[in-house]
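Worksheet: one structure, shown below.
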Amino acid sequence: MLWFYRWFVNPLLVWLLRSPFHWLASERLMLITYRGRRTGRPITIPVSYRTSGSEIRVTVGQHTQKQWWRNLTTESPVELHLRGRRVQVLARAVEDGDAVRVLMRPT
């Protein structure tokens, strides 16, 4: 089932969140662009987020089946498409028991 999201749902959400119609989904979803740890290529995916003050949090669902957060095990610069705006932040993935959270703060 993850292939369905990867090849159909994610590209649709990327298009939507970059479009003028981003307001339909940007209250809970944003795009994160990071560099692949092996290839160095920029990779963009939609993620669900929460804000707390100036901090942005992403909880990685099914983290044992996903690899993207492993690119952020050390603090790394990433770009967000957050509510129709591009934002540069520093991000770091933190393993917390059986969950993984990605914490981001503005640069």
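The rows are residues; the columns are (1) at pLDDT 95 or above; (2) buried (at least 16 other Cβ atoms within 10 Å of the Cβ).
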position: PRO11; (1), (2): no, no
position: LEU24; (1), (2): no, no
position: MET30; (1), (2): yes, yes
position: SER54; (1), (2): no, no
position: GLN62; (1), (2): no, no
position: TRP68; (1), (2): no, yes
position: THR74; (1), (2): no, no
position: GLY97; (1), (2): no, no
position: ARG105; (1), (2): no, no
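Name, by its number, the condition in (1) of a type outside the set (S, T, N, Q); (2) surrounded by fewer than 16 Cβ atoms within 10 Å (Cβ to Cβ); (3) in contact with a Leu (Cβ under 9 Å, 6 or more places away or on another chain) that does not hold for ARG38.
Evaluating ARG38 over (1) of a type outside the set (S, T, N, Q); (2) surrounded by fewer than 16 Cβ atoms within 10 Å (Cβ to Cβ); (3) in contact with a Leu (Cβ under 9 Å, 6 or more places away or on another chain) leaves (3) as the failure.
Modelled with pLDDT of 95 or more, in contact with a Pro (Cβ under 8 Å, 6 or more places away or on another chain) and of a type in the set (Val, Ile, Thr): does that describe VAL78?
Judged against the criteria, VAL78 is not a match.
Return yes or no: is ARG83 in contact (Cβ under 8 Å) with a residue 60 or more places away in the chain, charged (D, E, K, R) and either under 23 Å from TRP7 (Cβ atoms) or surrounded by 12 or more Cβ atoms within 10 Å (Cβ to Cβ) (or both)?
When the stated conditions are applied, ARG83 passes them.
Would you please name the residue that is farthest from the chain's Cα centre (by Cα), looking only at residues in region 41-51 that are surrounded by 12 or more Cβ atoms within 10 Å (Cβ to Cβ) and closer than 16 Å to PRO77 by Cα?
It comes out as ILE43.
Only one residue in SER48, SER19, SER54 is closer than 26 Å to TRP7 by Cβ, of a type in the set (Gly, Ala, Ser) and in contact with a strand residue (DSSP E or B) (Cβ under 9 Å, 6 or more places away or on another chain), so which one is that? Steps first, answer last, please.
Working: SER19 fails: in contact with a strand residue (DSSP E or B) (Cβ under 9 Å, 6 or more places away or on another chain); SER54 fails: closer than 26 Å to TRP7 by Cβ.
Exactly one of SER48, SER19, SER54 is closer than 26 Å to TRP7 by Cβ, of a type in the set (Gly, Ala, Ser) and in contact with a strand residue (DSSP E or B) (Cβ under 9 Å, 6 or more places away or on another chain), namely SER48.
Can you tell me which residues in region 62-104 are over 23 Å from ARG18 (Cβ atoms) and part of a strand (DSSP E or B)?
ARG92, ALA93, VAL94, GLU95, ASP96, ALA99, VAL100, ARG101, LEU103
The values are calculated or read from the model by the stated rules, or taken from the named source; none is laboratory data. Keep in mind the model is a prediction, meaning the values are calculated, not measured. Don't worry about glycine lacking a Cβ; one is built from the backbone with ideal geometry, like all the others, and counts go over all protein chains shown.
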